[in-house]
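One structure below.
The values are calculated or read from the model by the stated rules, or taken from the named source; none is laboratory data. What you see is a predicted model, and the numbers here were worked out from it, not measured in a lab. Positions of Cβ are backbone-derived with ideal geometry, glycine not excepted, and every protein chain shown enters the neighbour counts.
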Amino acid sequence: MATKFVIIVRGGTDYNQLRRQMMSLSDKSGWEVDTLGRGFIQETGQIALPINHEDELYAGHYFHKRYDTESLSVEYLSAYQESANSDILALVAGIYSDRSTAQEALKRLKRYEPEAYLLESQLYMGCAH
């Protein structure tokens, strides 16, 4: 396990609404969007890689971001906060190993999203396959 600092822009249960907000924030702020190829699968009602994805292990399944990144994506909040309900989504703006780097990024982001906050999380960093 590793301590990571995750910037949460906002939470919700409507993937399409959070996706629209993510794209708008990207346009305003210049922050990159990186969904890792995942999207909302209507048939299952979940965020996942497409069923026909080349990675057979993860095709049709969700996996969360866990490495340092300064990019926007919609994630399940429970991946970063154990106490969160499994159906709550979060617009994530970055993951950082260093608290001060995360705080600087949060400060820049708050110009566009004043309610954004930093969440300290314990993430498994070993092999996921």
*Pick from the stretch 26-46 the residues that are of a type in the set (Asp, Glu) and farther than 24 Å from Met125 by Cβ: which of them is surrounded by the most Cβ atoms within 10 Å (Cβ to Cβ)?*
Asp27
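Report yes if Thr3 is within 29 Å of Arg111 (Cα to Cα) and touching a residue at least 60 places away in the same chain (Cβ under 8 Å), otherwise no.
On the way: within 29 Å of Arg111 (Cα to Cα): yes; touching a residue at least 60 places away in the same chain (Cβ under 8 Å): yes.
Against the criterion (within 29 Å of Arg111 (Cα to Cα) and touching a residue at least 60 places away in the same chain (Cβ under 8 Å)), Thr3 qualifies.
What do you reckon, is Leu49 surrounded by 20 or more Cβ atoms within 10 Å (Cβ to Cβ), of a type outside the set (Phe, Trp, Tyr) and free of Cβ contacts under 8 Å to residues at least 24 places away in the same chain? Break it down stepwise before answering.
On the way: surrounded by 20 or more Cβ atoms within 10 Å (Cβ to Cβ): yes; of a type outside the set (Phe, Trp, Tyr): yes; free of Cβ contacts under 8 Å to residues at least 24 places away in the same chain: yes.
Taking the combined requirement at face value, the residue satisfies it.
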*Might you let me know whether the stretch 45-63 holds any residue that is part of a loop (DSSP other than H, G, I, E, B), in contact with a helix residue (DSSP H, G or I) (Cβ under 9 Å, 6 or more places away or on another chain) and on the phi < 0 side of the Ramachandran plot?*
yes
_Suppose we filter the stretch 78-107 for residues that are over 8 Å from the mean Cα position of the chain (by Cα) and surrounded by 16 or more Cβ atoms within 10 Å (Cβ to Cβ); how many remain?_
11
*asked:* Please go through the stretch 93-129 and give me each residue that is at pLDDT 95 or above and either of a type in the set (A, V, I, L, M, F, W, C) or touching a Pro at 6+ places or on another chain (Cβ under 6 Å) (or both), ordered by number.
replied: Ala93, Ile95, Ala102, Ala105, Leu106, Leu109, Ala116, Leu118, Leu119
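Does the stretch 76-92 hold any residues that are in contact with a helix residue (DSSP H, G or I) (Cβ under 6 Å, 6 or more places away or on another chain), in a loop (DSSP other than H, G, I, E, B) and not hydroxyl-bearing (Ser, Thr, Tyr), and which are they?
Within the stretch 76-92, the first condition is being in contact with a helix residue (DSSP H, G or I) (Cβ under 6 Å, 6 or more places away or on another chain), and the residues that meet it are 84, 86, 88-91.
Still in the list and also in a loop (DSSP other than H, G, I, E, B): 84, 86, 88.
Matches in the stretch 76-92: Ala84, Ile88.
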*Run Asn52 past the list (1) at pLDDT 95 or above; (2) farther than 20 Å from Lys4 by Cβ; (3) not basic (Lys, Arg) and report the number of the one that doesn't hold.*
(1)
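I'm trying to understand the selection: among the residues of the stretch 15-43, which are in contact (Cβ under 8 Å) with a residue 40 or more places away in the chain and either part of a strand (DSSP E or B) or not hydrophobic (A, V, I, L, M, F, W, C) (or both)? Give the steps one after another, and end with the answer.
Keep residues of the stretch 15-43 that are in contact (Cβ under 8 Å) with a residue 40 or more places away in the chain, which gives 15, 18-19, 21-22, 25-26, 28-29, 31-33.
Within the stretch 15-43, Tyr15, Arg19, Gln21, Ser26, Lys28, Ser29, Glu32, Val33 meet the criteria.
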*Looking only at residues in the stretch 56-77 that are of a type in the set (D, E, K, R) and surrounded by 13 or more Cβ atoms within 10 Å (Cβ to Cβ), which one is nearest to Gln17 (Cα to Cα)?*
Glu75
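Mind checking whether some residue in the stretch 93-100 is part of a loop (DSSP other than H, G, I, E, B), touching a strand residue (DSSP E or B) at 6+ places or on another chain (Cβ under 9 Å), touching a residue at least 12 places away in the same chain (Cβ under 8 Å) and among the aromatic types (Phe, Trp, Tyr)? First the steps, then the outcome.
Going through the stretch 93-100, the residues part of a loop (DSSP other than H, G, I, E, B) turn out to be 97-98.
Still in the running and touching a strand residue (DSSP E or B) at 6+ places or on another chain (Cβ under 9 Å): 97-98.
Remaining after also requiring touching a residue at least 12 places away in the same chain (Cβ under 8 Å): 97-98.
Now drop any that are not among the aromatic types (Phe, Trp, Tyr), which leaves none.
Taking every residue of the stretch 93-100 in turn, none turns out to be part of a loop (DSSP other than H, G, I, E, B), touching a strand residue (DSSP E or B) at 6+ places or on another chain (Cβ under 9 Å), touching a residue at least 12 places away in the same chain (Cβ under 8 Å) and among the aromatic types (Phe, Trp, Tyr).
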